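Since the structure comes first, as structure tokens, the remarks are kept for the end.
The values are calculated or read from the model by the stated rules, or taken from the named source; none is laboratory data. None of the values given here were measured: they were computed from a predicted structure. Neighbour counts are summed over all protein chains in view; Cβ atoms, including those assigned to glycine, are modelled from backbone coordinates with ideal geometry. Surface accessibility is based on the protein's heavy atoms, side chains included, excluding ligands, DNA and RNA. Shrake-Rupley method; radii C 1.70, N 1.55, O 1.52, S 1.80 Å.
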Amino acid sequence: MGLDDYVNTFGAYCKARYGERVKKLTIDAQFTCPNRDGTLGFGGCTFCNVASFNAQLGQTSSISVQLSQGKERAHSRVKCVNKSLPAPVSSDKYIAYFQAYTSTYDEFHHLKLKYDLAIEDKQIVGLHIGTRPDCVPDAVLDLLAEYQNSGLDVWLELGLQTSNNRTLKKINRGHQLTEYRQTVIAARSRGIKVCTHLILGLPGETSTDYMNSLQTVLGIGVDGLKLHPLHIVEGSTMAKQWRYKAMDLLTLDEYASAAATLIRNTPRDIIYHRVTAYAQKPMLLAPDWCAYRWDGLVAIVDELREYGGQGSALNWVNKIA
Ligand code: SF4
């Protein structure tokens with residue numbers, strides 16, 4: 001039994017919607033971030049080094065070249081992973097994922113040009129835009145709503161990380177919960193789906209904070225979630241704190257237990273885009289278990305198998321049928 005047996009995953013959502021797997025193609029559209037360029041601050045969030053987000057980031061090639069290269073990688077991965085198995089049907093549908101930095105932080109006409117370039121490709125069926133909650137003006141939301149109304153599957157991915165304003169300040173996010181709430185309401189009122197990122201293990205936080213964050217996000221309204229363990233990457237402010245041994249990080253078991261608890265307390269209709277994270281060494285400094293792509297996933301599935309899947313800690317209406 002895999003994650004899909006216990007969690008309403010984005011992969012399962014795509015299979016139900018398109019009848020096949022749909023691969024996300026990551027695009028670096030050369031944006032920057034107001035928390036790095038001095039508009040809000042310098043140095044960024046203390047956990048962040050954008051170079052660690054994805055091995056493909058930092059590209060300067062055009063958006064169409066990045067999409068072509070992403071498709072090639074997706075096809076070669078399918079071939080390589082399944083060498084000894086019957087050849088799987090590879091997808092001809094893709095999602096353009098603007099992931100790097102703050103992908104709504106530019107002049108409006110530049111943003112539109114970049115998004116339009118991506119969706120010109122007829123194999124692109126969805127648009128995912130990763131950004132900060134305080135950086136999504138109404139004009140951008142209106143544009144995303146137009147894409148959504150034209151038939152594209154549009155998701156706004158908002159980094160919140162925690163609903164605790166003290167922690168947000170401590171990690172130098174440069175925004176508070178209020179901005180998140182305003183943007184989510186404005187996006188969802190236009191029919192744009194919102195996926196919220198939460199980090200477990202932030203400094204000073206406990207399982208009570210993780211649950212508060214989840215319940216706050218659910219209370220405001222959300223369509224999808226991404227969970228990440230706090231991990232330390234080279235070049236971040238936290239890397240210095242970690243070197244001074246000023247940080248405790250979650251063990252694999254602690255993370256799996258915390259993530260599974262949140263999943264059990266999440267209504268079944270919320271789509272999990274991600275339940276853990278992985279980073280490559282030497283970019284990853286700690287914890288070591290984050291260097292192994294499948295370890296976090298396997299540990300979470302074990303927890304869910306033993307104690308119940310998504311929604312099982314809620315009332316019977318939300319439990320898995
Ligand atoms: S995590 Fe996002 S908002 Fe924070 S510094 Fe990095 S790119 Fe900017």
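Return a whole-number percent for the relative contact order of the chain, with Cα pairs under 8 Å and 6 or more residues apart as the contact set. Please list the in-between numbers first.
Numbers: 566 pairs, mean separation 59.2, N = 321.
About 18 percent, as a whole number.
Summing +1 for each Lys or Arg and -1 for each Asp or Glu, what net charge is found among the other residues whose Cβ lies under 11 Å from the Cβ of residue 106? Net charge around residue 106: +1. Every Cα-Cα pair in the chain was counted, and those over 33 Å apart are 22% of them. Take the alpha-carbon centre of the range 127-146, take the same for the range 193-227, and report the distance between them in whole Å. Centre-to-centre distance over Cα atoms comes out at 20 Å.
Estimated from the Cβ-Cβ distance and a Förster radius of 25 angstrom, the FRET efficiency linking residue 110 and residue 185 is about 0.45. Using the Cβ-Cβ distance between residue 73 and residue 166 with R0 set to 45 Å, the FRET efficiency from 1/(1 + (r/R0)^6) comes to roughly 0.65. Per residue, the accessible area of the chain comes to 47 Å², computed with a 1.4 Å probe over protein heavy atoms only.
Split the accessible area of the range 108-223 by element, probe 1.4 Å, and carbon with sulfur accounts for 51%. When peptides 36-44, 283-291 are sorted by average Cβ neighbour count within 10 Å, with the highest value leading, the order is 283-291, 36-44. Over the chain, DSSP H runs of length four or greater, each weighted -39,500 (n - 2.57), average out per residue to a 222 nm ellipticity of -11500 deg cm²/dmol.
Anything in the chain that counts as a DSSP H helix reaching 15 Å or more along its axis (C-alpha) with Kyte-Doolittle mean of at least -0.5? List them, would you? The partial results should precede the final answer.
Details: long enough: 63-81 (27 Å, -0.43); 108-119 (16 Å, 0.12); 138-149 (16 Å, 0.03); 177-189 (18 Å, -0.26); 207-220 (20 Å, 0.21); 252-264 (18 Å, 0.38); 295-307 (18 Å, 0.16).
Helices meeting the criterion: 63-81, 108-119, 138-149, 177-189, 207-220, 252-264, 295-307.
With contacts taken as Cα pairs under 8 Å at a separation of at least 6 residues, the range 109-188 carries a relative contact order of 31 percent. Taking the protein heavy atoms of the range 243-321 in the context of the full set of protein chains, the accessible area attributed to carbon and sulfur is 52 percent at 1.4 Å.
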